[in-house]
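One structure is given below, encoded as structure tokens.
The values are calculated or read from the model by the stated rules, or taken from the named source; none is laboratory data. Here the structure is a predicted model, which means the values were calculated and not measured. Heads up, the Cβs are rebuilt from the backbone with ideal geometry, glycines too, and the neighbour counts pull from every protein chain shown. Just the protein is used for accessible areas: all its heavy atoms, side chains included, with ligands, DNA and RNA removed. Shrake-Rupley method; radii C 1.70, N 1.55, O 1.52, S 1.80 Å.
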Amino acid sequence: MAGRVEHPAAGYKKIFETVEELNEPIPAKITGVIPSWLGGSLLRMGPGLFEIGGEPFNHLFDGQAMMHKFDLKGGQVTYYRKFLRTDTYVRAMAENRVVITEFGTAAYPDPCKNIFSRFFTYFRGIEVTDNCMVNVYPIGEDFYAVTESNFITKVDPDSLETLKKVDLCKYLSVNGVTAHPHTDSDGSIYNMGNCFGKNMSLAYNIVKIPPAQSDKSDPIERSEVVVQLPSSERLKPSYFHSFGLTDNYFVFVEQPVKINLLKFLSAWSIRGASYMDCFESNESMGTWFHLATRDPAGHMSSHKFRTSAFNIFHHINAYEDEGFIVVDLCTWKGYDFVYDYLYLANLRQEWEEVKKAAMKAPQPEIRRYVLPLDLHTEEQGKNLVSLSYTTATAVLNSDGTIWLEPEVLFSVPRLGFEFPQINYSLCRGKKYSFAYGLGLNHFIPDRIIKLNVQTKETWLWQEEDCYPSEPLFVQTPGATQEDDGVLLSIVVKPGAERPGLLLVLDAMNLTELARAEVDIMIPVTLHGMYRPG
Ligand SMILES: CCC[C@@H](CCO)COc1cccc([C@H](O)CCN)c1
Ligand SMILES: [Fe+2]
């Protein structure tokens, strides 16, 4: 791994700055050769408006949702972007102020309303945000921009128009679902969400949305909760951002970052509280792993996996092998909440301060955990993992819990391997070799890394004063090798004449095949998808 890379000019501040939307696509200047088979759209979500009427948003996840599109067609590339017309955006524009509380920014009661209506607002509780700035993915024939609340936004993937606000509470007993659903080979979509509103059944619900229906009906109307997992602490369910799916199992990692429901469900709007104010760390539970069978769907309550405390946002992949479940994760050591380090004030500091802040944060590590499926009580005290290719261990204790120790696959101080991607259609839930990630240097995205999860070999793409985004893998049509394809990443090069660019890398060795540059800045994007032409 290349040595330390410094950012004294603090060019990264530019990716956290407001930009305008476009009225029509703009052409990009191509250098290099884009593979002729690569024709389609890269769609990505992120924050695009970082303040309203002089009121700044505080957190990385508060900026108003902007949808970005790079179209690749006939060797030409265009770039386009629009703000989503979510309720939160439309109402903020109408009132020129923050109307809806976002993840880390509380909206203040309407100063124009009288004390009585403000008083009654108090008891109505907060209006949940529909600021779908995290990801965009297909459901049936439709496309939805999402955050992690119960509201998802149907969008037109060509015109980037906002089509419809959908409230999942109408179909499912969940308070929200992750922005990282899994898609099964038959087109079914699995997702997971906290459930704490309905009849106080505090749990984690795994939901299934069936594939596109022949009668063209909306698959969401046929979604259902397929299994419910218990919360380790009744009134304090864990926050979670993604989960694992293998051929026969769901994998849920219950981290020690908890949602304080008494705060979250009380009318916290009047106190100027935001979602971030409702989190707290459990300093004693460590981290729990849960397994559930897929068919029939059921929680495996006897498999009580425990390990030391870490934050987990992104599962990389999970697969079954010789009676074990192998689970590869992007972890951050410790129970302090990593999102506490993602306030914009922190990310916009001068480089020396950014580095100082990151010294105190949980440290990132790619880890492999191995979960034994068959547990024989007589084997207490000894390592149950017999896979030849990993040093991860699992030990059954007398209290019936199984203590896990990981194999570390990647560990560089203050260099996070995050926003992980794999050759999803070929490898999801299967034994695999390659993970692609965005390198977070003291939380600043400044490189793209490829990791062979079996050999720990790494590859690197990096360029001075460049800030890339999550690298999406697109397989070469007809390919048989797992890493035969390209990586697509939106890169920002603040000092350049054309500061926004789409980077096309060869996924085998991370060499640059092409770049398509536009003469406008592109703010940070979180997740997205490639839509073949
Ligand atoms: C108290 C936390 C509540 C959970 C939902 C519970 O089902 C998270 O809720 C939000 C609300 C707004 C933006 C987000 C962002 O998606 C986060 C980062 N991806 C999450
Ligand atoms: Fe994510």
- In whole Å, what is the distance between the alpha-carbon centres of the stretch 299-328 and the stretch 449-472? 25
- Surface accessible to a 1.4 Å probe, per residue, for the residues of the stretch 147-218, Å²: 39
- Message: With θ taken as phi - 60° and the coefficients 6.51, -1.76 and 1.60, list the Karplus ³J(HN,Hα) couplings across the stretch 370-387 in order, rounded to whole Hz; mark glycine and proline as x.
- Response: 10, 10, x, 8, 9, 10, 10, 4, 5, 8, 4, x, 10, 5, 8, 7, 10, 5
- Quick one: putting +1 on the C-beta of Lys and Arg, -1 on the C-beta of Asp and Glu, what dipole do you get for the stretch 158-294 around its Cα centre, in Debye to the nearest 20? 480
- Item | Leading residue at positive end of dipole, the chain (Cβ point charges), from Asn205, His7, Leu451 | Asn205
- In Å², rounded to a whole number, the accessible area per residue of the stretch 358-484 with probe 1.4 Å is 39
- For a quick protection proxy, order the peptides 290-300, 355-365, 482-492 by their average other-Cβ count within 10 Å, most packed first. 482-492, 355-365, 290-300
- Message: Using the basic label-point model (7 angstrom from Cα toward the beta carbon), what is the Asn452 to Lys431 distance in nanometres?
- Response: 1.6
- Message: Let's see if you can work this out: charge +1 on each Lys and Arg Cβ, -1 on each Asp and Glu Cβ, no other charges. What is the dipole magnitude of the stretch 164-235 about its Cα centre, in debye to the nearest 20?
- Response: 240
- Per the charge dipole of the chain (beta-carbon charges, Lys/Arg positive, Asp/Glu negative, Cα centre), the residue among Gly437, Phe196, Val524 reaching farthest to the positive end is Phe196
- Task: Quick one: pull the percent of accessible area on the chain belonging to carbon and sulfur, 1.4 Å probe, ligands and nucleic acids left out.
- Result: 51
- the chain: radius of gyration and largest Cα-Cα distance (Dmax), Å: 22.6, 70
- Size of electric dipole in the stretch 387-533: Cβ of Lys, Arg +1 and of Asp, Glu -1, about Cα centre, debye, nearest 20: 340
- Query: Heavy-atom accessible area per residue, the stretch 29-140, 1.4 Å probe: how many Å²?
  - Reply: 41
- Query: Regarding the stretch 91-155, what whole-number volume in Å³ per residue does the convex hull of its Cα atoms give?
  - Reply: 103
- What are the extents of the Cα atoms of the stretch 452-515 along their three principal axes, listed from largest to smallest and rounded to whole Å? 39, 27, 16
- Query: Using the Karplus equation 6.51 cos²θ - 1.76 cosθ + 1.60 (θ = phi - 60°), what ³J(HN,Hα) coupling, rounded to whole Hz, does each residue of the stretch 153-163 give in order, writing x for Gly and Pro?
  - Reply: 10, 6, 10, 8, x, 9, 8, 6, 6, 7, 9
- Task: Just name one of Ser284, Phe243, Gly416: the one whose Cα is farthest towards the positive end of the charge dipole of the chain (beta-carbon charges, Lys/Arg +1, Asp/Glu -1).
- Result: Ser284
